[in-house]
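The values are calculated or read from the model by the stated rules, or taken from the named source; none is laboratory data. Note that the structure is a prediction, hence the values are computed from the model and not measured. So basically every Cβ, Gly included, is an ideal-geometry build from the backbone, and we count neighbours across all protein chains shown. Please note that ligands, DNA and RNA were not included when accessible areas were found on the heavy atoms of the full protein model with its side chains. Shrake-Rupley method; radii C 1.70, N 1.55, O 1.52, S 1.80 Å.
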Amino acid sequence: MIISLEDVSYKYNIEPILDHADFVVNEKDKWGVVGLNGSGKSTLLKLMAGKDKPDSGKVVTLNKYKISYCPQNTDFDEELSIKEAVEKATEEKEAYRINSILNKLGFDDYSLKIKTLSGGQKKRVSLAIALIREADLYLLDEPTNHLDQSMIVWLEKYLSKSSKAIVLVTHDRYFLSRITNHIVEIDEGKLYKYEGNYADYLEQKEIRYANIAAREAKRQSFLRTEIEWIRAGAQARTTKQKGRIKRYEEIAAIEAPKVRETLDIKAASSRLGKKTIEIEHLSMSYDDKVLFKDFSYNLLRNDRVGIIGDNGAGKSTLLKIIMGQVKPTSGTVSIGETVKIGYFAQMNEVFKPEQRVIDYLKDFGDIIYTLDGEEITASKMLERFLFFKEDQYKPISKCSGGEKRRLYLCSILMQAPNILLLDEPTNDLDTETLGILEDYLEDFKGAVLTVSHDRYFLDKVCNHLFVFEGETIKLDNRNYSDYLEAKLNESTVKEEVKVNTKVHTTKLSYNEKRLLEELDKKIPVMEENIKVLEGKLNNTSNFEEIRSISDELNKLNNEYEEVLEKWMELSEK
């Protein structure tokens, strides 16, 4: 065991977040934390990292274990350079280790001041610090936020190969499926643990809900029978009758379980004519920087287009040009008369803090209709997107950041658009809401253009892509996973060619050659020693031996990872 939460309760203001929760992380465990926005996922990590204290209960960490924590937001000394900030936070002196991680996370100039970085870049520095620290447990809160796809793929491989324990919060469902071997769900302050990855969790959750429903049906059946008996005139004259009445009262007092089933409503939209959006010879530049040029496309009525490319390539700008918020350098955008666009921007929510959730949505409409004439009220729309009856009448000031994004999304859909422009709709939304949005879009009668880094979402929603490459926007008819796989294979081939061309021009120093030869011999010996220790650990039940072997194995694994990393650096050189 590395860390445990024992009977932990925690409130934010007066809102209960964790309610008598128990949780244990052992060596090599890889936990994914899921739950609705505002359920307490980040709070759980803060408690484990010692950044917050529980109201009751205790968090126990064994002294021999080290913990590394990557929060969603980090405060840095703004005057430090990237390299200085990392060195100060990690006390790491091996330059190759720092450089390797920073390079993988997209930094090539380590002298840049922290104050010059964007919020996303600061998040990546925070992630680099967490990964560089030598630790036994890594607590990572939304580590894939602000990473492009090559960085996400690298991080996925890095964490899946790591022998260290990991607890991570992420809405990236592919990431969860490929890294985790346990899932913990936070629901109404309770922790529910599941064995396996994200896909296993979904199956087991359905079984848990079915069992809860069956138990509740059995309880209600029992209560109906007992009520009839009591109404028939049962009196507590005998010990047997007294016991039966007492048992009825005990079971009747049990609170019915809260199994929140989402309301399944069809997607609402307005009728769309033949002409939708026609883009002709569109170009966009800022000063001397060309974002894209000569792009043309006629949007079809049922198009599902994913927009991908590097940060700053112009993806959001393209949507703003279509909306008429930004004027292009050249070219035209022509919009049909029947087109009604719903535009979900990255940062566009404007709320009155004390306004109730239901009143905010009613400002956009009380009732809308599907193309089949089905009525959708504001309350039904909110319930579809996980604002249940008790949530609809709370002030917006009590909503989490994710809940506000969810409410903003509902306000877009409540206007019954027939074309949706979605700019990073998956940011800050929990996995359950993402599934609901995907189902809604599958039923949506109209076109969808979406900017996203979420692989699962793009695969589920989109059937072709706008790819920003250099100064051009290319149409690609593959799904996102197929496109990514092809790109990775292409980059691997290029890297191999690059390495081969450098074989005769790059030389190791004499000392580096000797070190590489030593490591070549050392690594197989270390691997064999690790296998021997693991075998001993599996074949003993003596507590003292288990502790001694575990300590030795942990030390050897740490040394092995350092040796392997150095070997990789020299081999690449």
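Side notes on the structure shown:
- Ordered by 1.4 Å accessible area with all protein chains kept, Lys274, Lys242, Lys122 run largest first as Lys274, Lys242, Lys122.
- Once C-alpha pairs closer than 8 Å and six or more residues apart are averaged by separation and normalised to the residue number of the chain, the relative contact order reads 13 percent.
- Amide H contacts under 5 Å for Tyr69: Leu139, restricted to partners 5 or more places along the chain or on a different chain, H placed in the peptide plane at 1.01 Å from N.
- Largest-first ordering by accessible area, 1.4 Å probe, given options Thr450, Thr61: Thr61, Thr450
- Ranked by the mean number of other Cβ atoms within 10 Å per residue, highest first, peptides 221-233, 370-382 order as 370-382, 221-233.
- Lysine pair count for the stretch 156-260 (Cα-Cα distance under 28 Å; residues 8 or more apart in sequence or on different chains): 20.
- Accessible area of the chain belonging to carbon and sulfur atoms, whole % at 1.4 Å probe: 48
- Cα pair count fraction exceeding 21 Å, expressed as % - the stretch 1-95: 45
- Computed extension gain for Asp439 through Met1, at 0.36 nm per residue and net of the alpha carbon distance, reaches 153.7 nm.
- Percent of Cα-Cα distances greater than 41 Å, calculated over the chain: 36
- From phi via Karplus (6.51, -1.76, 1.60), per-residue ³J(HN,Hα) for the stretch 94-106 in Hz, x at Gly/Pro: 6, 4, 5, 5, 4, 4, 4, 5, 4, 4, 5, 9, x
- For the stretch 408-482, the C-alpha radius of gyration divided by 2.2 N^0.38 Å, with N the number of residues, is 1.13.
- Each residue of the stretch 417-430 was assigned a 3J(HN,Hα) from its phi angle through the Karplus expression (A = 6.51, B = -1.76, C = 1.60, θ = phi - 60°), giving x, 10, 9, 10, 10, 10, 9, 6, x, 7, 5, 6, 9, 6 Hz with x at Gly and Pro.
- At R0 = 41 Å, FRET efficiency that the Cβ-Cβ distance of Tyr96 and Glu203 yields, to 0.05: 0.45
- Taking every alpha-carbon pair under 8 Å whose residues sit at least 6 apart, the stretch 168-252 reaches a relative contact order of 17 percent.
- Proximal aspartates and glutamates to Lys64, defined as alpha-carbon separation beneath 14 angstrom and excluding residues fewer than eight positions away on the same chain: Glu27, Glu134, Asp136, Asp551, Glu552
- Between Leu282 and Asp294, Phe295, Ser296, Thr332, the built amide H atoms are under 5 Å apart, and every one of these is 5 or more places off in sequence or on another chain.
- Across the stretch 56-170, the relative contact order, built from alpha-carbon pairs under 8 Å that are at least six residues apart, equals 35 percent.
- On the basis of the beta-carbon distance and an R0 of 60 Å, Lys531 and Asn302 show a calculated FRET efficiency of 0.60.
- For Lys404, the lysines whose Cα comes closer than 19 Å to its Cα, not counting residues fewer than 8 places off in the same chain, are Lys41, Lys352, Lys362, Lys380, Lys389, Lys394.
- Using the 1.4 Å probe convention, the accessible area of the chain works out to 52 Å² per residue with neighbouring protein chains retained.
- Label-to-label distance, nm, for residues given as Val326 and Glu569 (7 Å Cα→Cβ offset): 4.0
- Counting only Cβ charges, +1 for Lys and Arg and -1 for Asp and Glu, the dipole size of the stretch 305-400 around its Cα centre is about 360 debye.
- Karplus-derived HN-Hα couplings along the stretch 385-393 (A = 6.51, B = -1.76, C = 1.60, θ = phi - 60°), whole Hz, x at Gly and Pro: 9, 6, 9, 7, 3, 6, 7, 6, 10
- Paramagnetic reach from Ser481 (point 7 Å along Cα→Cβ, amide N under 17 Å) across the stretch 162-198: 172-180, 197-198
- Ratio of Rg to Rh over the stretch 336-482 (Cα coordinates, Kirkwood Rh, two decimals): 0.98
- Efficiency of FRET from Cβ geometry, Glu250 and Ser81, R₀ 56 Å, rounded to 0.05: 0.25
- Antiparallel %, DSSP beta bridges [both residues in the chain], to 5: 55
- Residues whose placed amide H lies under 5 Å from that of Ser270, excluding near-sequence neighbours: Asn418
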